[in-house]
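The values are calculated or read from the model by the stated rules, or taken from the named source; none is laboratory data. Only a predicted model underlies this, so the values are computations on that prediction, with no experimental measurement involved. Here the Cβ is made from the backbone with ideal geometry for all residues, glycine too, and neighbour counts use every protein chain on show. Only protein heavy atoms, including side chains, enter the accessible area calculation; ligands, DNA and RNA are left aside. Shrake-Rupley method; radii C 1.70, N 1.55, O 1.52, S 1.80 Å.
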Amino acid sequence: MASSSGNIQDHPTCEMDTAENDNQSKAPGIPLSRKLCYAIGGMPYQMTSNAKGFFMQIFLLDVVEMGASYASIILFLGRAWDAVTDPLIGYAVSKSPRTRIGKLIPWIVFSMPFGVLSYIMLWYTPQDTMSPGFSFCWYFVWCCLFDTFMSCYHVPYSSLNMFLGGNDRDRDSATGYRMGMEVLATLAGAAIQGQIVGVYHAKRLKVCSMQQNDTDVLAHKHTALLNDTTVNLQNTRKAYVIAALVIGFIYFMCCLVFVLGVKEQLAPLSKLDRINLPYLTGMKMVVSHIPYVKLVFGFLFASLAFQMAQGNFALFCTYAANMGGYFQHLVIILLTAATLSTPMWQTLLVKLGKKTTIFIGLSTYIPVLIVISLLRNSFPAFIILSMLAGASLAALYLLPWSMLPDVVDDFKVKNPSCQDLEPLFYSCYVFFNKFGGGMAVGISTLVLHFAGYKPGACKHNSQVIFSLRMLFAPVPICLLLIGMVMFYFYPITEKRRQEIQTALTKAAAENTPKGEELCL
């Protein structure tokens, strides 16, 4: 297959490439080793982002003891900053030249050490007591830095799906491996973070229970409880740093495996060259492609629903469902179910088509949310429902990302002279996902602030409990229904997908692009 300029043979890989990719129709399939190495490269993003998604809110509110208003600003503006930088980084990647190891991979290599460092600092508490202003600035700055470096990693990584070689079925298979690994990474991140810090959250709940139940406690015993609370808080902060160090090390190792195991391959009508389009012109072409717009908004609302439920899961279990001591176990169960169900969705994707399969996966989530929001103190029922929620989560991981390459191929068929815009497509896709996540967590925390949430409190008023129940089920369900409506109008069916692949193969074989005036 075609490779980067220079002496690429010196670049170590997990597999050997033996054929040139001059004709896509004759291209060999993607080797299993390349699929696995590519899939492992997706683990750092999911491991870190989901650790943030599950734990950042409760970390800021109950560990840092930051005011809910400040926390909501960090969570929302941090995600907004992250989302805004994605298209800019996508454009920068498109404008970058090819190097000896490719065009996309250098971005991944050079952003990795900065991403690891900023992730560790994000969970570090520099002082036992901090002023509200200093605390806000510290976590907001590190949040923005980490998200920026992670965008430099994830945008070129996700775009690389188009440049692995093989045909569309090979790409779908590679996406399946990638999503399986990413769900596994989510499980690993939540397990590492949950098991390391969960014991300290459980101790805090125990101390709170003792304070509430023993109303006639003696003064010296009350003082001892306060001392235990202070020591436990310090230990909890150290535990978060230890968890960040472990995840940071795994981040580094996954990146190393990916870089050693994957080479960029040319795709039909894509040369991996610098684009000559101005930024606004390229963005206008991307966002005016109708199938892409419908897919993006379907993904936005579905992701917004899942991330709102995810972001409030810890607080909901702790204060609304009386399951705070089991929270970390429920997260592991949910993510284990997501990991194990990914092959099932991949099989259904092939047999039923992507559009039908995503409806099945997303609709499963609605009754699960309804039942969970009504339960209290029922660990066996929570186990079963967490497994069903995990299966639905796997569908959200796999299907939209498997549908995106079809949209890019459709654009390339309709605009054959507009080459190498893949990073812009993928970066805008990530933009809407992250912006939706920022809105979900930021709005949730702001609602809790107005409901009267008090950081560090053992018990909250009825308005807070009601708000948690609303944010966990009714609001996500409404968002999910909007997303399913958008997916209903998504125009690329299995028949249309096959037509696109036929046209793309023919255009690549003829190598006579038309419509060049569209990209002037």
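Values computed for the structure shown
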| read-out | value |
| --- | --- |
| Cα shape, the range 318-385, gyration tensor, a/c 1.5 rule | prolate |
| Chain lengthening between residue 141 and residue 485 when straightened (0.36 nm per residue, less Cα-Cα) | 120.1 nm |
| Kirkwood Rh and Cα Rg combined as Rg over Rh, evaluated for the range 344-471 | 1.10 |
| Theoretical gain in end-to-end length, residue 88 to residue 461 [0.36 nm per residue, Cα-Cα removed] | 129.9 nm |
| Accessible surface of the range 272-374 [probe 1.4 Å, protein heavy atoms]: carbon and sulfur percent | 70 percent |
| Cα gyration tensor shape of the range 420-461, rounded if a/c is under 1.5, else prolate or oblate by comparing a/b with b/c | prolate |
| Rh by Kirkwood over Cα pairs, then Stokes-Einstein D for the range 48-121 at 1.306 mPa s and 10 °C, µm²/s | 108 µm²/s |
| Accessible solvent surface per residue of the range 296-335, calculated while the other protein chains remain in place, 1.4 angstrom probe, Å² | 20 Å² |
| Environment charge of residue 88, counting only residues whose C-beta is closer than 12 Å and scoring Lys/Arg +1, Asp/Glu -1 | -1 |
| Vicinal HN-Hα couplings computed from phi for the range 311-316 (Karplus, 6.51 cos²θ - 1.76 cosθ + 1.60; Hz; Gly/Pro x) | x, 9, 5, 5, 5, 4 |
| FRET E, pair residue 374, residue 109, Förster distance 51 Å, beta-carbon r, rounded to 0.05 | 0.55 |
| For the range 405-494, convex hull of alpha carbons as volume per residue, Å³ | 126 Å³ |
| Members of 52/434; 95/506; 35/263; 284/355; 263/495; 35/95 lying beyond 21 Å, as alpha-carbon distances in this model show | 95/506; 284/355; 263/495; 35/95 |
| Gained length - residue 124 relative to residue 352, 0.36 nm times residue gap less alpha-carbon distance | 77.4 nm |
